[in-house]
Amino acid sequence: MSDAPIAIFDSGVGGLTVMAAIAKRLPQERLVYLGDTARLPYGTKSAETVTRYALQATRALMRFAPKALVVGCNTASAVALPALTAAFAPVPVIGVVEPGARAAVAASTGNGITVIATEGTVRGGAYLRAIRALSPEARVIQRACPLFVALAEEGWTTGPVPEIAASRYLADIFGSFDRPDTLVLGCTHFPVLAGAIAKAAGDGITLVDSAATTALETDRVLDDRGLRRNGPAHAPAFLATDAPERFARVGSQFLGREIASDQVELVDFGP
């Protein structure tokens, strides 16, 4: 048993979908979340820059002495996981890519898997490698959908604008005769757009939310290492590197409950 918190970070508020999934599955655990809002999005940055940002974010969270680190960002999971694991051992580091890939392979009936993500995640090919490691013959299509991040951050999650964007990104893939049967939401911003995405993909498509699968993986890691916390629910802590008021306002829809602006601590990584 461990009373130490689980630390979660993302470039912005998207990782709050991961936090919400963990809180739902492990309501007794203490959670602390950092959104690097001063430097979002990570998805358009180089692998070297994302790794540097991820290391800085994790160092800021180490003052909470976490028992586990969850990288609630697909881009950072795709490129920075080895560096984080090496730098902060023995703290277990859990990414969102591997759990999402396992869920996609389990869900697919063999017609193919589409991964939608940021430019950085697609360019790095982490989902492609993870899926092919589990199912070498899998047909995998990757599609960068960078506008979805901006729409999610602005709160434009329903209505004609996200539906038009989703149709532009996905029509050629899911309008074909041999369309894939599984669609991975390979960015933690994307679950709040799931309605528009599902409409564009059409009937009979399984959507895989990496936030939910990451919560399952976190549960497993804590159980394997004897790190579960037993006790009443504990109020989470929130940190942001810029605009805590906006973090609270926009983040509330990702977390699924209100975040008061005075709950968000402003942190500065320095130059």
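Looking at region 212-235 only, could you name the residues that are outside any loop (DSSP other than H, G, I, E, B) and touching a residue at least 60 places away in the same chain (Cβ under 8 Å)? Break it down into steps so the answer makes sense when it comes.
At the first step, the residues of region 212-235 found to be outside any loop (DSSP other than H, G, I, E, B) are 212-225.
Selection gives Ala212, Thr213, Thr214, Ala215, Leu216, Glu217, Thr218, Asp219, Val221, Leu222, Arg225.
Name the residue that is nearest to Gly186 (Cα to Cα), counting only residues in region 69-88 that are within 15 Å of the chain's Cα centre (by Cα) and assigned to a helix (DSSP H, G or I). Break it down stepwise before answering.
Taking region 69-88 as the starting set, the residues that turn out to be within 15 Å of the chain's Cα centre (by Cα) are 69-81.
With assigned to a helix (DSSP H, G or I) added as a condition, the list becomes 74-81.
On the way: Asn74: 6, Thr75: 9, Ala76: 12, Ser77: 11, Ala78: 10, Val79: 14, Ala80: 16, Leu81: 16 Å.
That would be Asn74.
For region 235-244, name all the residues that are in contact with a strand residue (DSSP E or B) (Cβ under 8 Å, 6 or more places away or on another chain) and either over 22 Å from Gln56 (Cβ atoms) or among the polar types (S, T, N, Q) (or both). Give the derivation first.
We begin by selecting, within region 235-244, every residue in contact with a strand residue (DSSP E or B) (Cβ under 8 Å, 6 or more places away or on another chain); these are 236-242, 244.
Result: Thr241, single match.
Has region 207-216 got any residue that is surrounded by 18 or more Cβ atoms within 10 Å (Cβ to Cβ), over 24 Å from Gly124 (Cβ atoms) and not basic (Lys, Arg)? Working first, answer last.
Narrowing region 207-216 to residues surrounded by 18 or more Cβ atoms within 10 Å (Cβ to Cβ): 208-215.
Remaining after also requiring over 24 Å from Gly124 (Cβ atoms): none.
No, region 207-216 has no match at all.
In this structure, is Ala104 out of contact with any Lys or Arg (no Cβ under 6 Å at 6 or more places or on another chain), buried (at least 22 other Cβ atoms within 10 Å of the Cβ) and outside the structural domain of Thr44 (by TED's automatic domain parsing)? Can you show your working first?
Working: out of contact with any Lys or Arg (no Cβ under 6 Å at 6 or more places or on another chain): yes; buried (at least 22 other Cβ atoms within 10 Å of the Cβ): yes; outside the structural domain of Thr44 (by TED's automatic domain parsing): yes.
So Ala104 passes the test.
Would you check if Ala196 is buried (at least 17 other Cβ atoms within 10 Å of the Cβ), among the small types (Gly, Ala, Ser) and assigned by TED's automatic domain parsing to the domain that holds Leu151?
Values: buried (at least 17 other Cβ atoms within 10 Å of the Cβ): yes; among the small types (Gly, Ala, Ser): yes; assigned by TED's automatic domain parsing to the domain that holds Leu151: yes.
Yes: the conditions hold for Ala196.
Please find, among Pro136, Pro99, Pro66, the residue that is buried (at least 20 other Cβ atoms within 10 Å of the Cβ) and not in a helix (DSSP H, G or I). Spell out the reasoning first.
Values: Pro136 fails: buried (at least 20 other Cβ atoms within 10 Å of the Cβ); Pro99 fails: not in a helix (DSSP H, G or I).
Within the list Pro136, Pro99, Pro66, the selection yields Pro66.
For Ala138, indicate whether it is under 23 Å from Phe254 (Cβ atoms) and small (Gly, Ala, Ser). Let's see the steps before the verdict.
Numbers: under 23 Å from Phe254 (Cβ atoms): no; small (Gly, Ala, Ser): yes.
No: the conditions fail for Ala138.
Quick check: anything in region 30-45 among the acidic types (Asp, Glu), in contact (Cβ under 8 Å) with a residue 24 or more places away in the chain and closer than 24 Å to Leu134 by Cα? Can you show your working first?
Within region 30-45, the subset among the acidic types (Asp, Glu) is 36.
With the extra rule that they be in contact (Cβ under 8 Å) with a residue 24 or more places away in the chain, the set shrinks to 36.
Remaining after also requiring closer than 24 Å to Leu134 by Cα: none.
Within region 30-45, none of the residues are among the acidic types (Asp, Glu), in contact (Cβ under 8 Å) with a residue 24 or more places away in the chain and closer than 24 Å to Leu134 by Cα.
Among the basic types (Lys, Arg) and in contact with a strand residue (DSSP E or B) (Cβ under 9 Å, 6 or more places away or on another chain): does that describe Arg30? I'd like the intermediate steps shown before the answer.
Values: among the basic types (Lys, Arg): yes; in contact with a strand residue (DSSP E or B) (Cβ under 9 Å, 6 or more places away or on another chain): yes.
Yes: the conditions hold for Arg30.
Which residues, counting only those in region 34-63, are under 21 Å from Pro191 (Cβ atoms) and assigned to a loop (DSSP other than H, G, I, E, B)?
Across region 34-63, the qualifying residues are Asp36, Thr37, Leu40, Pro41, Tyr42, Gly43, Thr44.
Say we look at region 139-159 and pick out the residues that are in a helix (DSSP H, G or I) and more than 20 Å from Ala47 (Cβ to Cβ); which of these is modelled with the lowest pLDDT?
Glu153
Would you tally the residues in region 160-190 being of a type in the set (Val, Ile, Thr) and either outside the structural domain of Ala201 (by TED's automatic domain parsing) or under 20 Å from the mean Cα position of the chain (by Cα) (or both)? Before the answer, list the steps.
We begin by selecting, within region 160-190, every residue of a type in the set (Val, Ile, Thr); these are 161, 164, 173, 182, 184, 188.
Subset that is either outside the structural domain of Ala201 (by TED's automatic domain parsing) or under 20 Å from the mean Cα position of the chain (by Cα) (or both): 182, 184, 188.
Count: 3.
Regarding region 183-199, can at least one residue be identified that is in a strand (DSSP E or B) and over 20 Å from Ile164 (Cβ atoms)? Before the answer, list the steps.
Here is the first cut: in region 183-199, the ones in a strand (DSSP E or B) are 183-185.
Restricting the remaining residues to those that are over 20 Å from Ile164 (Cβ atoms) gives 184.
Yes: region 183-199 contains one or more residues that are in a strand (DSSP E or B) and over 20 Å from Ile164 (Cβ atoms).
In region 170-181, is there at least one residue being modelled with pLDDT under 95, outside any helix (DSSP H, G or I), among the hydroxyl-bearing types (Ser, Thr, Tyr) and surrounded by 19 or more Cβ atoms within 10 Å (Cβ to Cβ)?
no
For region 12-25, what are the residues that are closer than 13 Å to Ala152 by Cα and out of contact with any Ser or Thr (no Cβ under 6 Å at 6 or more places or on another chain)? Break it down stepwise before answering.
The first filter runs over region 12-25 and keeps only residues closer than 13 Å to Ala152 by Cα, leaving 12-17.
If the condition is that a residue be closer than 13 Å to Ala152 by Cα and out of contact with any Ser or Thr (no Cβ under 6 Å at 6 or more places or on another chain), then Val13, Leu16 are the ones that fit.
I'd like the residue in region 1-51 that is farther than 15 Å from Thr218 by Cβ and hydroxyl-bearing (Ser, Thr, Tyr) and, out of all such residues, is modelled with the lowest pLDDT.
Checking each candidate, the answer is Thr44.
The values are calculated or read from the model by the stated rules, or taken from the named source; none is laboratory data. The model shown is predicted, which means the values in this text are computed figures rather than measured ones. No Cβ is skipped: glycine too gets one built from the backbone with ideal geometry, and neighbour counts run over all protein chains shown.
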